[in-house]
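Have a look at the structure below before the remarks.
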Amino acid sequence: MPSTMPREFADFLAGATHSAVHLEMRDAYAVDYETGPFADWRAGHRHDPADVASWWRPWLDLVQETVARGVVIRRARIVSEPVSEYTRYLYDGTFTNVAAGEAVRWLPRRKASTLALPGNDYWQLDGKIVRWNHFTGEGQSAGGEITEDPATAKLCAEAFEAVWDRAIPHDQYEIH
């Protein structure tokens, strides 16, 4: 999760009235392997759940504020197994998302084979508004795109619920 976020995304999430879902389908996203949180994790650093001040960040404030407004935030990750190093990194830090109020589930990619899924990661608010997250082949952000097209919203809502129904809650998922 980013330590900072674009104001545009915070404003987007502020528009949610009852639900926000996020489907992630990549095994890696662009990170700096030499510096930053991923490099620290590779060097052995792990967040101490008891030391909240060391890992709390603006994203978690936004999640907590959004959940406090009555919005249910759910995140589903489709992952290849054995998991990538980056997925292992995400897994190790997901307790922070849960602590802020997100519900997170993991779906092994082989169990997603019969699901009709959109071609990109996305956020969806209230089952109506979709924000696509576009990425380059190297996993770098290629920007977002928002649509309120009813057919697209229906596709994304149905895809997310299908993934969610098959996925394993974070506290029960064991990485392989």
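Does region 1-21 hold any residues that are at pLDDT 95 or above and loosely packed, with under 11 Cβ neighbours inside 10 Å, and which are they? The answer is none; no residue qualifies. Among the residues in region 80-90, are any of a type in the set (A, V, I, L, M) and either part of a helix (DSSP H, G or I) or within 18 Å of Phe38 (Cβ to Cβ) (or both)? Yes, because at least one residue in region 80-90 is of a type in the set (A, V, I, L, M) and either part of a helix (DSSP H, G or I) or within 18 Å of Phe38 (Cβ to Cβ) (or both).
Yes/no per residue for (1) surrounded by fewer than 19 Cβ atoms within 10 Å (Cβ to Cβ); (2) modelled with pLDDT under 95; (3) under 16 Å from the mean Cα position of the chain (by Cα); (4) under 25 Å from Ala43 (Cβ atoms):
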{"residue": "Arg109", "(1), (2), (3), (4)": "yes, no, yes, no"}
{"residue": "Trp123", "(1), (2), (3), (4)": "no, no, yes, no"}
{"residue": "Ile129", "(1), (2), (3), (4)": "no, no, no, no"}
{"residue": "Ser141", "(1), (2), (3), (4)": "yes, yes, yes, yes"}
{"residue": "Ile175", "(1), (2), (3), (4)": "yes, yes, no, yes"}
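Restricting attention to region 6-17, the residues that are assigned to a loop (DSSP other than H, G, I, E, B) and in contact with a strand residue (DSSP E or B) (Cβ under 7 Å, 6 or more places away or on another chain) total 2.
Pairs are defined by a Cβ separation below 7 Å, a sequence spacing of at least 6 or placement on different chains, a first member in region 28-46 that is among the small types (Gly, Ala, Ser), and a second member that is not in a loop (DSSP other than H, G, I, E, B); the pairs so defined are Ala28/Tyr86. Kindly indicate whether any position in region 159-169 is among the acidic types (Asp, Glu) and surrounded by 18 or more Cβ atoms within 10 Å (Cβ to Cβ). Within region 159-169, not a single residue is among the acidic types (Asp, Glu) and surrounded by 18 or more Cβ atoms within 10 Å (Cβ to Cβ).
Residue by residue, here is whether (1) part of a helix (DSSP H, G or I); (2) more than 17 Å from the chain's Cα centre (by Cα); (3) surrounded by 16 or more Cβ atoms within 10 Å (Cβ to Cβ); (4) of a type outside the set (Lys, Arg) holds:
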residue	(1), (2), (3), (4)
Leu23	no, no, yes, yes
Glu34	no, yes, no, yes
Asp40	yes, yes, no, yes
Ala50	no, yes, no, yes
Leu62	yes, no, yes, yes
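The values are calculated or read from the model by the stated rules, or taken from the named source; none is laboratory data. Just so it is clear, the model here is predicted, and its values are computed rather than measured. Ideal geometry is used to build each Cβ from the backbone, glycine not excepted, and the neighbour counts take in all protein chains shown.
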